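Novice: Can you keep this structure in mind? I'll have questions shortly.
The values are calculated or read from the model by the stated rules, or taken from the named source; none is laboratory data. For clarity, every value in this text was computed on a predicted model and none was experimentally measured. Here the Cβ positions follow ideal geometry from the backbone for every residue, glycine too, while neighbour counts run over all protein chains shown.
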Amino acid sequence: MKRYLLSIFHPDGPPPPAPVLDKIMRDVAQVRSDMQTAGVWVFAGGLCPPSTATVLRQRDGQLLTFDGPFAEGKEHLGGFTIIEAPDLDAALAWGRRLALAVTLPVEVRPFQDERPS
């Protein structure tokens, strides 16, 4: 089975009002439960806002540290789920379910092949 990253992109700004967010969270919990039952779920997590980020960048042989997000934009990576699926079609099916639950864009990306050491 290959691992896939399902990235959830949030718009900048405050979260939706409680009644809307509560439904989204219930729907996401159901998708996660279904993933766990199907044996594809590996790990998931939500991220703090981009303003909490610290960026490390090498420049001219020195490692520099910057506060805040690496890139400015109108949306940011807000959370992710890692799954194991037999192929891209199966991963996309789970990505579609997650996108419908979170009502936000979800990017599905395979991990590079892991090579034994």
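Novice: For segment 92-108, give me the residue count where each residue is small (Gly, Ala, Ser) and touching a Phe, Trp or Tyr at 6+ places or on another chain (Cβ under 9 Å). Before you say what the answer is, go through the steps one by one.
Specialist: To start, the set of residues in segment 92-108 that are small (Gly, Ala, Ser) comprises 93, 95, 99, 101.
From what's left, touching a Phe, Trp or Tyr at 6+ places or on another chain (Cβ under 9 Å): 95.
Here the count works out to 1.
Novice: What residue, of LEU63, LEU47, is more than 15 Å from GLU107 (Cα to Cα), modelled with pLDDT of 90 or more and surrounded by 12 or more Cβ atoms within 10 Å (Cβ to Cβ)?
Specialist: Of the residues listed, the single one that is more than 15 Å from GLU107 (Cα to Cα), modelled with pLDDT of 90 or more and surrounded by 12 or more Cβ atoms within 10 Å (Cβ to Cβ) is LEU47.
Novice: Now for a different question. Identify all residues within segment 71-117 that are surrounded by fewer than 12 Cβ atoms within 10 Å (Cβ to Cβ), of a type in the set (A, V, I, L, M, F, W, C) and modelled with pLDDT under 90; write none if there are none.
Specialist: The one that is surrounded by fewer than 12 Cβ atoms within 10 Å (Cβ to Cβ), of a type in the set (A, V, I, L, M, F, W, C) and modelled with pLDDT under 90: ALA71.
Novice: So, in segment 42-51, exactly how many residues are over 13 Å from the mean Cα position of the chain (by Cα) and part of a strand (DSSP E or B)?
Specialist: 0
Novice: Mind listing whichever residues of segment 52-99 are more than 14 Å from the chain's Cα centre (by Cα), hydrophobic (A, V, I, L, M, F, W, C) and not in a strand (DSSP E or B)?
Specialist: If the condition is that a residue be more than 14 Å from the chain's Cα centre (by Cα), hydrophobic (A, V, I, L, M, F, W, C) and not in a strand (DSSP E or B), then ALA53, PHE70, ALA71, LEU88, ALA90, ALA93 are the ones that fit.
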